[in-house]
Amino acid sequence: MPPYKIPKRVKHRKEFRRVRDRKATKGNYVAFGDFGLQALEGCWLKSNCIEAGRVAAQHYLKREGKLFIRVFPDKPVSKKPLETRMGKGKADVDYWAARVKPGTVLFELAGVSEERAKGAFHRVAMKMPIRCRMVGRRVTV
Amino acid sequence: MSDETHTLKAQARERTGSRYCKRIREAGGLPAIVYGHGKDPVSITLDTKEAVGHITKGEKVFELVLDGSDARQHVLVKDLQFDYLGTNIVHADLARIELTDRVDVMVPLRLVGDAPGLKTAGAIMTHPVAELELNCLVTNLPSFIEIDVSKMQAGDVIHAGEVQLPKDTMKLLSDEDGVVAHVVVQAEVPDEGEESEVTDEGATPEVVGEKKDDEDEKDG
């Protein structure tokens, strides 16, 4: 496995798959930056996709602004090797993923113009396996 | 806030709950509730287009007219609920007020001017605090507070306590030490900066409480 971001310590080596089809009730608004990239679909976002998005944004912005990554791949996903019979216990961890629900804000940008943020998020969205859109801050009351 | 207080027409709704609210939204209504001033809370329905149009422009105070009664009541938008994507307002909380009341509101900040410090290589403008909580008269509610950053050099900070409020009668309730504008010069990153955040540690994380092989032998 390439050295992408994964947890340093875990309580359990493997975990159940769990329910996926829910809408985001937390982490679904821009909290730190001025603009955000919001997921419109749910998925298990692999750690390499998050890293690819970060690299794409930083390459485009060239040290301009500050990028916030709002998701962390803390879910181990196991996969049985090819041509293996069923059984014999749960397989080894194949990759680490972040649980992304529709509405989750994946990345945020601060200190850049809307035009630059749009350009950066367009490139990041190309690296994501799901549909995304750029959002701003919500109305204050 | 504009000087004019807009009027919102509302209908009282007898049936409450998510199913009925969903039907109201499908019919172009916005479920809302009015409470405060020692009176019973009343569930109402607003016209979505009218209400959301004003709220998104920054209006906070409205004159509410309930269908079937001539009584007019000033209300303050106290809270908004959004759908999971944050696109649509799905519910509004309105608090009864008098125009002589003092209220606590959150006011967004707007940075104006070009900071010369941003011309320094690697400098960016951050504003960890994007809105301030104020106590002010209902008639003096600002839509936003402007902060002039045109004199900020690299490393300069503006705290909430230094912000010039639009009226002297306004009181700042937010933490005075909160940073509302900061020109940060980011640390020099090597050329391979795009790859620098990647962890080079082993692919498997440490399992908390797991016995290592040496310990197993000792135990056995």
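The values are calculated or read from the model by the stated rules, or taken from the named source; none is laboratory data. None of the values given here were measured: they were computed from a predicted structure. Because the Cβ atoms are built from the backbone with ideal geometry, glycine has one as well, and the counts that use them run over all protein chains shown. Surface accessibility is based on the protein's heavy atoms, side chains included, excluding ligands, DNA and RNA. Shrake-Rupley method; radii C 1.70, N 1.55, O 1.52, S 1.80 Å.
Of the residues screened, residue B:42 is not one that is surrounded by 15 or more Cβ atoms within 10 Å (Cβ to Cβ) and within 14 Å of chain A (Cβ to nearest Cβ). Condition check for residue B:135 on (1) of a type in the set (S, T, N, Q); (2) open to solvent by 30 Å² or more (accessible area, probe 1.4 Å); (3) more than 10 Å from chain A (Cβ to nearest Cβ): one failure, at (2). The condition (being surrounded by 13 or more Cβ atoms within 10 Å (Cβ to Cβ), part of a loop (DSSP other than H, G, I, E, B) and in contact (Cβ under 8 Å) with a residue 12 or more places away in the chain) is satisfied by just one residue among A:68, A:72: A:72.
With respect to (1) within 13 Å of chain B (Cβ to nearest Cβ); (2) open to solvent by 30 Å² or more (accessible area, probe 1.4 Å); (3) modelled with pLDDT under 95, the lone exception for residue A:61 is condition (2). Inspect all residues belonging to the stretch A:116-133 and state whether any of them is in a strand (DSSP E or B), out of contact with any Cys (no Cβ under 8 Å at 6 or more places or on another chain) and within 14 Å of another protein chain (Cβ to nearest Cβ). The answer is yes, given that some residue of the stretch A:116-133 is in a strand (DSSP E or B), out of contact with any Cys (no Cβ under 8 Å at 6 or more places or on another chain) and within 14 Å of another protein chain (Cβ to nearest Cβ).
Determine whether residue A:112 is in a loop (DSSP other than H, G, I, E, B), modelled with pLDDT under 95 and more than 27 Å from residue B:114 (Cα to Cα). Answer is no for this residue. Considering (1) farther than 30 Å from residue B:159 by Cα; (2) modelled with pLDDT of 90 or more, the lone condition that residue B:103 does not fulfil carries the number (1). Scanning the stretch A:84-115 for residues that are farther than 25 Å from residue A:74 by Cα, surrounded by fewer than 17 Cβ atoms within 10 Å (Cβ to Cβ) and within 14 Å of another protein chain (Cβ to nearest Cβ) turns up A:113, A:114. Of all residue pairs spaced 6 or more apart or on separate chains, those with beta-carbon atoms under 7 Å, a first member in the stretch B:74-94 that is without any contact (Cβ under 8 Å) to a residue 60 or more places away in the chain and facing chain A (nearest Cβ under 9 Å) and a second member that is open to solvent by 30 Å² or more (accessible area, probe 1.4 Å) and of a type in the set (Ser, Thr, Tyr) are B:84/A:25; B:86/A:29.
Taking the criterion of being among the aromatic types (Phe, Trp, Tyr) and out of contact with any strand residue (DSSP E or B) (no Cβ under 7 Å at 6 or more places or on another chain), the only residue of the stretch B:1-59 that qualifies is B:20.
The condition (being out of contact with any helix residue (DSSP H, G or I) (no Cβ under 6 Å at 6 or more places or on another chain), modelled with pLDDT under 90 and either facing chain A (nearest Cβ under 10 Å) or open to solvent by less than 70 Å² (accessible area, probe 1.4 Å) (or both)) is satisfied by just one residue among B:118, B:172: B:118. Counting the residues of the stretch A:3-31 that are open to solvent by 40 Å² or more (accessible area, probe 1.4 Å) and at the interface with chain B (Cβ under 8 Å from one of its Cβ atoms) gives 11. With B:52, B:103 as the choices, which residue is open to solvent by less than 40 Å² (accessible area, probe 1.4 Å), not in a strand (DSSP E or B) and not small (Gly, Ala, Ser)? Just a single option satisfies the conditions, and that option is B:52. Picking from residues in the stretch B:126-158 that are more than 14 Å from the chain's Cα centre (by Cα) and of a type in the set (Ser, Thr, Tyr), the one that is farthest from residue A:140 (Cα to Cα) is B:150. In the set (1) within 11 Å of chain B (Cβ to nearest Cβ); (2) assigned to a loop (DSSP other than H, G, I, E, B), the condition left unmet by residue A:56 is number (2).
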